[in-house]
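The values are calculated or read from the model by the stated rules, or taken from the named source; none is laboratory data. Remember, predicted model here, so these are calculated numbers, not experimental data. Positions of Cβ are backbone-derived with ideal geometry, glycine not excepted, and every protein chain shown enters the neighbour counts.
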């Protein structure tokens, strides 16, 4: 029964994504779809860019910021789980938690005067906002490696670096990947704010719709963002199983 439910869920999800994919790739079908949902509006499709173009901009924002966030979070987690870095653990955790309490909009407002409008301030805000899940899961994953396994590896003559690379990280990968998954999904949703500073992405129709009181624009951007987040989440779920 559980197997059948799992297969049915996958079929429904794939069918849903295929239907939405057809809508996104066909402006005519998208216009008809939105016109049916919002019959009182004369303009229902965001005119300044296609969904495909905005999705590409959005993915670029997410990819670049996620690479930096994963690199910083993973490095920080490794640093504070070593003997020579464990004393920095409370400082690193407190600092990363403090950074995440700042709303992304506030981070954007602080970075724009320093680096200007566009892609860069959006990436900085996303990086600062998505480090914490990777950092915490890296610390948890590495600290959960049994001491006996580490001790046996050292007894075999492995150096500390070899123990980390060949023993600790492979064992901690599932936990770390869970943090990466959370971080990237956070980025997908938060990246919509990048359009406020001219970074483009799927936030453009949302912001435009709010300014022009056009719910069709807002729905278009929100639906595309949700589909993107759902697709990426399924990819990470598959990776975790593997």
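Only one of the numbered conditions (1) under 27 Å from residue 199 (Cβ atoms); (2) surrounded by fewer than 21 Cβ atoms within 10 Å (Cβ to Cβ) is violated by residue 144, and that is (1). Close contacts from region 35-47, counting a first residue that is closer than 10 Å to residue 216 by Cβ and a second that is at pLDDT 85 or above and in a loop (DSSP other than H, G, I, E, B), with Cβ to Cβ under 6 Å and a gap of 6+ residues or different chains, come to 44/38. Set side by side, the residues 74, 60 differ, and just one is out of contact with any helix residue (DSSP H, G or I) (no Cβ under 7 Å at 6 or more places or on another chain), surrounded by 15 or more Cβ atoms within 10 Å (Cβ to Cβ) and either modelled with pLDDT of 80 or more or at negative phi (or both), which is 60.
Taken over region 135-148, the criterion of being in contact with a helix residue (DSSP H, G or I) (Cβ under 6 Å, 6 or more places away or on another chain) and either more than 25 Å from residue 92 (Cβ to Cβ) or part of a helix (DSSP H, G or I) (or both) is satisfied by 135, 137, 138, 139, 140, 141, 142. I want to confirm something. Restricting to region 48-75 and keeping residues that are in a loop (DSSP other than H, G, I, E, B) and touching a residue at least 40 places away in the same chain (Cβ under 8 Å), which single residue is nearest to residue 188 (Cα to Cα)? Top of the filtered list is 49.
Evaluate region 77-84: report whether one residue or more is closer than 22 Å to residue 172 by Cβ, free of Cβ contacts under 8 Å to residues at least 60 places away in the same chain and in a helix (DSSP H, G or I). The answer is yes, given that some residue of region 77-84 is closer than 22 Å to residue 172 by Cβ, free of Cβ contacts under 8 Å to residues at least 60 places away in the same chain and in a helix (DSSP H, G or I).
Report whether or not residue 125 is part of a helix (DSSP H, G or I), over 25 Å from residue 68 (Cα atoms) and in contact with a helix residue (DSSP H, G or I) (Cβ under 7 Å, 6 or more places away or on another chain).
Details: part of a helix (DSSP H, G or I): yes; over 25 Å from residue 68 (Cα atoms): no; in contact with a helix residue (DSSP H, G or I) (Cβ under 7 Å, 6 or more places away or on another chain): yes.
No; evaluated as a whole, the condition is false for this residue.
Scanning region 90-116 for residues that are in contact (Cβ under 8 Å) with a residue 24 or more places away in the chain, under 22 Å from residue 138 (Cβ atoms) and assigned to a helix (DSSP H, G or I) returns 92, 93, 96, 97, 99, 100.
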